[in-house]
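The values are calculated or read from the model by the stated rules, or taken from the named source; none is laboratory data. Keep in mind the model is a prediction, meaning the values are calculated, not measured. Virtual Cβ from ideal backbone geometry, glycine too; neighbours counted across all protein chains shown.
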Amino acid sequence: MRILIVEDDLLLGEGLVAAMRRQSWTADWVQDGVAALAAVKSESFDAVLLDLGLPRMDGMAVIAAMRQAQIQTPVLVLTARDQSQDRVRGLDLGADDYLSKPFDLNELLARLRALHRRAQGRTQSQLICGDIRLDPTAMLVTWRGKVVDLPRREFVLLRCLMENVGRVLTREAVMQRVYGWEDEVESNALEVHVHHLRRKFYPELIRTVRGVGYLIEARTDEATAR
């Protein structure tokens, strides 16, 4: 997943970024509402973790502006405000979930995973394509029952493609989910990751659509049986 963290507390922001990356998620961080709105309008995220008490533009205004612009990215509001009217107003404006500070990190991560599943119309966390099983919670991949050890970016790439089986993802869309703003990316880095995944599983796993992007075919069971 690619998460946009919107938090003006430096220590908390740094801690959240580190926690997301330990989950093999891509995490980008901004510290005010104007920057948050610009980010969601220009790039694609799987979820937004949003504080309410922000400089330049309040979190409530960010939610309202996102929904007015038809940006449907799930929003989890994270705030020190504990009054029920604030929670009700945020949810009515279009927030998808609410968690008060201080919070339990494991609960926060679980809520983000649940938001992502709901946004994709899935009820279970495991992703299955033929003989490949990917467990996002345990960060575990198996093929034909055997564990396959994947570096973080290969794991993120495989997850991204498995979440969109049968759909062609543009190269730009994949890049946005695999790499954050602070990552140094070589021009052929994505192609290298795709090559490594094909080698670790089987060559037909990921199909390149020339001039567009990549996809995993909807029917991988026949390919893996070869």
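For this structure, a couple of remarks:
- Hits in the stretch 34-56 - residues which are crowded, with 17+ Cβ neighbours inside 10 Å and either out of contact with any strand residue (DSSP E or B) (no Cβ under 7 Å at 6 or more places or on another chain) or β-branched (Val, Ile, Thr) (or both): ALA35, LEU37, VAL40, VAL48
- Search result, residues across the stretch 97-136 that are of a type outside the set (Gly, Ala, Ser), more than 13 Å from the chain's Cα centre (by Cα) and assigned to a loop (DSSP other than H, G, I, E, B): LYS101, PRO102, PHE103, ASP104, ARG122, THR123, GLN124, GLN126, ASP131
- Residues that are more than 21 Å from ARG113 (Cβ to Cβ) and among the hydrophobic types (A, V, I, L, M, F, W, C), drawn from the stretch 41-62: LEU52, LEU54, MET57, MET60, ALA61, VAL62
- Filter pass, ARG89 being outside the structural domain of VAL174 (by TED's automatic domain parsing) and in a helix (DSSP H, G or I): yes
- Failed criterion for VAL141 (all others in (1) free of Cβ contacts under 8 Å to residues at least 24 places away in the same chain; (2) under 24 Å from THR73 (Cα atoms); (3) crowded, with 17+ Cβ neighbours inside 10 Å hold): (2)
- Residue match in the stretch 137-146 (condition: touching a helix residue (DSSP H, G or I) at 6+ places or on another chain (Cβ under 7 Å) and closer than 24 Å to LEU49 by Cβ): yes
- Subset tally (residues that are without any contact (Cβ under 8 Å) to a residue 60 or more places away in the chain and either touching a helix residue (DSSP H, G or I) at 6+ places or on another chain (Cβ under 7 Å) or hydrophobic (A, V, I, L, M, F, W, C) (or both)) for the stretch 184-204: 10
- Taken residue by residue, the stretch 146-165 has no member that is in contact with an Asp or Glu (Cβ under 8 Å, 6 or more places away or on another chain) and either exposed (fewer than 15 other Cβ atoms within 10 Å of the Cβ) or among the charged types (D, E, K, R) (or both).
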